[in-house]
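Notes follow the structure.
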Amino acid sequence: SNSGVVGMILQTFVRLAIILSAVAITVESLERYRFPNFGEEEGDSAPAFFVIETVAVSIFSVELLSRFVSAPFVSSIFLQRCGYCFKWEIGEPEPSAYHKFYAWLNNTMTIIDIVSTVPYYIEVF
């Protein structure tokens with residue numbers, strides 16, 4: 001992609017957060033890191049896992065929010081290159097911000113990102 005060095009660094013950072021989160025969730029499921037070894041009731045686990053999950057979800061949320069805010073202002077060519085469902089030909093008028101935002105929101109990866117972060121907020125709040 002043409003996102004430049006900063007974009008590649010941010011992309012790598014987010015990918016590392018995804019890997020760390022997946023490993024933490026897997027390790028957290030091991031019996032030795034759960035009640036009765038940690039916590040006071042069934043379902044409790046070591047506090048470090050909550051910290052890792054909170055940091056990871058915070059990173060995902062900032063990334064998702066930044067894409068949410070910038071989606072209407074991204075060029076149509078970029079949206080098409082990134083695989084967003086979008087019908088637009090060079091030479092046609094640029095689609096409205098609403099159409100660009102809808103294309104971003106209707107993307108499978110965006111839906112997965114939203115669905116994967118919402119449970120954390122439901123649990124915490």
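The values are calculated or read from the model by the stated rules, or taken from the named source; none is laboratory data. The model shown is predicted, which means the values in this text are computed figures rather than measured ones. Glycine also receives a Cβ, built like all others from the backbone with ideal geometry; neighbour counts cover every protein chain displayed. Accessible surface is based on the protein model in full, side chains and every heavy atom, while ligands, DNA and RNA are left aside. Shrake-Rupley method; radii C 1.70, N 1.55, O 1.52, S 1.80 Å.
A convex hull fitted to the Cα coordinates of region 1-57 yields 71 cubic angstrom per residue. Each Lys and Arg Cβ is given +1 and each Asp and Glu Cβ -1; about its Cα centre, region 37-125 then shows a dipole of about 680 debye. In the chain, the longest principal axis of the Cα atoms and the axis of helix 108-124 are about 40 degrees apart.
Roughly how many percent of the accessible protein surface of region 63-125 is carbon and sulfur, given a 1.4 Å probe and a whole-percent answer?
Details: 3060 of 4480 Å².
Roughly 68 percent, rounded to a whole number.
The stretch between CYS82 and TYR121 holds 11.2 nm of extra length on full extension. This uses 0.36 nm per residue minus the Cα-Cα distance. Sites listed here are trypsin sites (Lys or Arg not before Pro) in region 54-125 whose DSSP assignment is loop and whose Cβ has at most 15 other Cβ atoms within 10 Å: LYS87.
Quick one: accessible area per residue over the chain, 1.4 Å probe, rounded to a whole number of Å²? List each step's numbers first, then the result.
On the way: 9080 Å² over 125 residues.
Ligands and nucleic acids excluded, the result is 73 Å² per residue.
Against the main long axis of the alpha-carbon atoms of the chain, helix 47-70 sits at an angle near 10°. 3J(HN,Hα) along region 95-106, derived from phi through the Karplus expression 6.51 cos²θ - 1.76 cosθ + 1.60 where θ = phi - 60°, amounts to x, 5, 4, 4, 5, 5, 4, 4, 4, 5, 5, 7 Hz, with x in place of Gly and Pro. The helix-only estimate of mean residue ellipticity at 222 nm for the chain, built from DSSP H runs of length n ≥ 4 each weighted as -39500 (n - 2.57), is -21500 deg cm²/dmol after division by the residue total.
Equivalent-ellipsoid semi-axes (√(5λ), Cα gyration tensor) for the chain, whole Å, largest first? Display every interim value, and only then the final one.
Numbers: eigenvalues 286, 44, 22 Å².
The three semi-axes for the chain are 38, 15, 11 Å.
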